[in-house]
Amino acid sequence: MNKKNLLVAAVASVGIASVIGIGAASAHGINGSSLADKIATKFNLNKSDVQQVIDQNKQDNQAQMEANYEQKLQDAVSSGKLTTEQKDKLIAKHKQLIAANQTNRQDLKVKTPAERKSSMDAKKAELTQWAKDNNVPIEYLNPGLGGGHGRGHGGMGMMGAPDIK
């Protein structure tokens, strides 16, 4: 097997692992860079090539999740469950939450478990109030998407809002 095929096989196995939950390892201290190091070392590949594939895969997954979310909102508009104005507010808030997500995760890393819970409860209350103030059903706000860390699929998102089905 040539190096290109090895790289594809290695990254594919990482992708499959992330789909079944192992990809959430970044939340446990294994970042993409060390993963690229491990794959590059294991298969005798160029680390920057491996990192590029990992980064592209992450971007592709993020773009697909965003498209799926916006399609679910459009479907809700089409079925009369949301207005176009509500959809637009949800998309804007969702993008704002994604932008703040990295900072929020860094802030949570230095807190105790009790402080993390308190912070998450406060953010959930803030989002619930935002939804009420903007006359938007909270179940359509799905901030779990965009974390790239396995949350937001079939349960409570990062901020505690349920996924829409």
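Throughout, read-outs are computed from the coordinates displayed, never taken from laboratory work. None of these values were measured; they are calculated from a predicted model. Positions of Cβ are generated from backbone atoms using ideal geometry, with glycine treated the same way; all protein chains shown enter the neighbour counts.
Quick notes on this structure:
- Cross-link partners of K81 among aspartates and glutamates (Cα-Cα below 17 Å; sequence separation of 8 or more within a chain): E70, E139, D163
- Sorting V53, V77 from the fewest to the most surrounding beta carbons within 10 angstrom yields V77, V53.
- Residues of type lysines that K95 reaches as a straight line, Cα spacing below 20 Å, ignoring anything fewer than 8 places off in the same chain: K58, K72, K87, K123, K124, K132, K165
- Residue-by-residue Karplus 3J(HN,Hα) for segment 111-122, coefficients 6.51, -1.76, 1.60, Hz, glycine and proline x: 9, 6, x, 5, 5, 4, 4, 4, 5, 5, 4, 5
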